[in-house]
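Visitor: The structure is given below, and queries will be raised subsequently.
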Amino acid sequence: MVAFAVPADAAGTAALPVRLDGIAAIVGANAPSQGADIVLHSDVELRARLALAAETGSGQLPSGRLPQALLAASLQEIIGELLIAREARRVQIALPTTADAQREKDRLVRTAGGPVRAATLLLDVGAREEELDAIARRRVLVAAFLRVNLEGVTTVTQAELEQALSSRSEGMSLEQLRADLGRAALERAVKRWVVMLRARIPVRVYGPEP
């Protein structure tokens, strides 16, 4: 978990919290160095709380200690994004536009429950809006890479659809079943890319791990 310090100004008034951070992972090297991507515990906490905010919709923002499993999953998600983003830059995928990044940021804010709720979340964890900007830019770069390299992956054949029909949930439409199969195929393909890149690109994880 991320620790906080609350400094006081000259008049003794408490200022905004300052996060006392630590390294959760390094991507691109085995130790902090130029060119390596450093993942901080605060990055992991922010990602986890964004996920919780998306799950709870417009309700009260979750607070308190975060589940270890959620933190570990959030860290792995960040590592996967960083690996694919590094590969996208290596093969010189066309960089997304500022408008692309803004649309992704707007989507992040919307899934967190809107601008007011997102601003409250950032304040609660002592994060800056620029951190959302960085997440959005990285995600649109990853999406651009995946569009080029995973074209056709989400196509569901008739044979695959028929095989899944017997186990579909009651009331699920064929369209929803096809969408679910396509999403599952995409997730498997992304995981394969992450495994392949992780075998080539140094990654050192300090925790939390699954």
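The values are calculated or read from the model by the stated rules, or taken from the named source; none is laboratory data. For clarity, every value in this text was computed on a predicted model and none was experimentally measured. Here the Cβ is made from the backbone with ideal geometry for all residues, glycine too, and neighbour counts use every protein chain on show.
Visitor: In the range 190-202, which residues are over 20 Å from Leu70 (Cβ atoms) and surrounded by 15 or more Cβ atoms within 10 Å (Cβ to Cβ)?
Guide: Within the range 190-202, Trp193, Leu197, Ile201 qualify.
Visitor: Within the range 163-182, which residues are loosely packed, with under 10 Cβ neighbours inside 10 Å and either modelled with pLDDT of 70 or more or basic (Lys, Arg) (or both)?
Guide: Of everything in the range 163-182, those that are loosely packed, with under 10 Cβ neighbours inside 10 Å and either modelled with pLDDT of 70 or more or basic (Lys, Arg) (or both) turn out to be Ser173, Glu175.
Visitor: What's the number of the only condition in (1) assigned to a helix (DSSP H, G or I); (2) free of Cβ contacts under 8 Å to residues at least 40 places away in the same chain; (3) under 23 Å from Val39 (Cβ atoms) that Gly64 fails to meet?
Guide: Exception for Gly64: condition (1).
Visitor: Related question: When you look at Leu83, is it modelled with pLDDT of 95 or more, surrounded by 14 or more Cβ atoms within 10 Å (Cβ to Cβ) and in contact with a Lys or Arg (Cβ under 7 Å, 6 or more places away or on another chain), yes or no?
Guide: Spelling it out, Leu83 is indeed modelled with pLDDT of 95 or more, surrounded by 14 or more Cβ atoms within 10 Å (Cβ to Cβ) and in contact with a Lys or Arg (Cβ under 7 Å, 6 or more places away or on another chain).
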